[in-house]
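To start, the structure under review is shown below, and the notes come after it.
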Amino acid sequence: MSVCTSESDNQHFDEPLIDTFSESEIMDIEENILESIHEYFETNLVEYSSPNFFKNLKTDISEPLLEEWVNFGLCTDDDGDEIEMMVQTQLEKYMEEIRCGIPPRQTTFSNCGDSSANHTIAQKIGRLLSISQPEQRSKEWYEQRNNMITASNIYKLLGSKAQYNSLIYEKCKPVAESHSTYVNTESSLHWGVKYEPVTKMIYEKMYCVDITEFGCIPHPTYPFIGASPDGIITDSRHSRYGHMVEIKNIVNREIDGIPKEEYWVQMQIQMENCDLDYCDFVETRIKEYASEEEAMNDTDREYKGILLHFIRKMLVANSDETYDGSPFYVYMPLDVEFSKTAVDEWILTKRNEYREDFVLFKSIYWYLDEISCVLVPRNRPWFETALPVFAKAWETIQFERVNGYEHRASNKKKKVVVDLNGDVHTIQNMPIGSGKGICLIKMDY
């Protein structure tokens, strides 16, 4: 876009850029920016899942505009911030007046409850409760998940080619009912699993509400899309009635209230499958005390507690075909007094309760270090834009299950290894055409 200005206007680089244009020129500029914003939305709506969507939009519109105006002598490179502010102003106008149907990516909490909608929510929750769920880790359980792309990994279909291929490859592989009995209890993934019930207890106490758990929910129209929400608020008296709850327990990264792209996509799929409009995105950082004494002496923490790590007795474990080696955790309710007497009594009760099948391995004292809770609204336009990608991927999975999927396997680079054998050094896995190692002979000069 070019803008015609008088010769004197072109010299006013010391003035605010907007003051160098006439009123009609400003109207033309704003109209052109709005058109560019609309085109960006129409072309890139599927990327709304990214936390950087609006940042990328402003960059992709303001930078070409700045370059063009600099070339025409209308401004200098120093005016970039002002041009970006113009784009920001028009973006706010666009979202309010034109794209008002697209909700914010995430927002702070407000009372989203609408008592007039409670009857509809009750019907939706009733439908979800009526869906039969196979026994966990049974043959039917594995088959159900094999015939779905689940909310937790569907984001890969919108990512890189490598991510896309990895998901297609995994879904094409035959159903595996037996799994390794080794569980790395120190991994970040396991940490999230271990402390999910703790975060749930904290959320329930903090907001005075109970969370109802559900199994895997297929989409009512597209059953190849599955979702397993962490829970739904089913108390019709609560202002958050019908809200879904998604829990993430963070180990290292910063908690900033902005859902990562894969989490945002996961929540959108959950809301679509359950036909609900809001999801409470809860992130916590749980830390562990070094000792019981440290936990008892800490009077500054509002939320702290204990979990018991039990190990299954060998004879019992060997007789259970569904046992996958996962540790068994028991969590002390938050309403139990956190005193040595009360805690010791609770531990003894639980040891006696589970002593037939389990042995107490470790008592872990934890505390809440940080928590964030933001509201993620359902975004129907985004789902409609992404749906063709999901449907096409499922067609590909069905086709390649019959016709071959091995070409989707990742080409992992082999590690170059040097074997030392006296004066002969052999390098294995060198990337050369022959596929053989190279023999290096040490020479003395």
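Values quoted throughout were computed directly from the atomic coordinates according to the rules given, and no laboratory measurement underlies them. In this text the structure is predicted, and so the values were computed from the model without any measurement. Cβ coordinates were reconstructed from backbone atoms using ideal geometry, including for glycine residues, and neighbour counts include every protein chain displayed.
Could you give log10 I(q)/I(0) at q = 0.07, 0.15 Å⁻¹ for region 115-394, computed by the Debye formula over C-alpha point scatterers of equal weight, without solvent?
-0.30, -1.33
Rounded to the nearest 5, what % of the DSSP beta bridges within region 115-394 are antiparallel ones? Walk me through the intermediate numbers first.
Numbers: 30 of 38 bridges.
Counting DSSP beta bridges with both partners in region 115-394, the antiparallel share is about 80 percent.
Which links in Lys173/Lys200; Lys205/Lys362; Lys55/Lys124; Lys205/Lys260 stretch past 31 Å when you go from one Cα to the other? All intermediate terms of the calculation are to be shown ahead of the outcome.
Working: Lys173/Lys200 34 Å; Lys205/Lys362 26 Å; Lys55/Lys124 36 Å; Lys205/Lys260 26 Å.
The answer is Lys173/Lys200; Lys55/Lys124.
What is the pair-distance distribution P(r) of region 9-97, computed from all Cα-Cα distances in 10 Å bins starting at 0, with each bin given as a whole percent?
Spelled out bin by bin, region 9-97 gives 16, 50, 26, 8, 0 percent.
Could you work out the local net charge near Gln270, counting Lys and Arg as +1, Asp and Glu as -1, over the other residues with Cβ closer than 11 Å to its Cβ? Numbers along the way, then the final one.
Working: positive: Arg378; negative: Asp230, Glu246, Glu272, Asp275.
Local net charge: -3.
Work through the residues other than Glu213 whose Cβ is under 13 Å from its Cβ and net out their charges, Lys, Arg +1 and Asp, Glu -1.
Working: positive: Lys200; negative: Glu196, Glu204, Asp210, Asp230, Glu246.
In short, -4.
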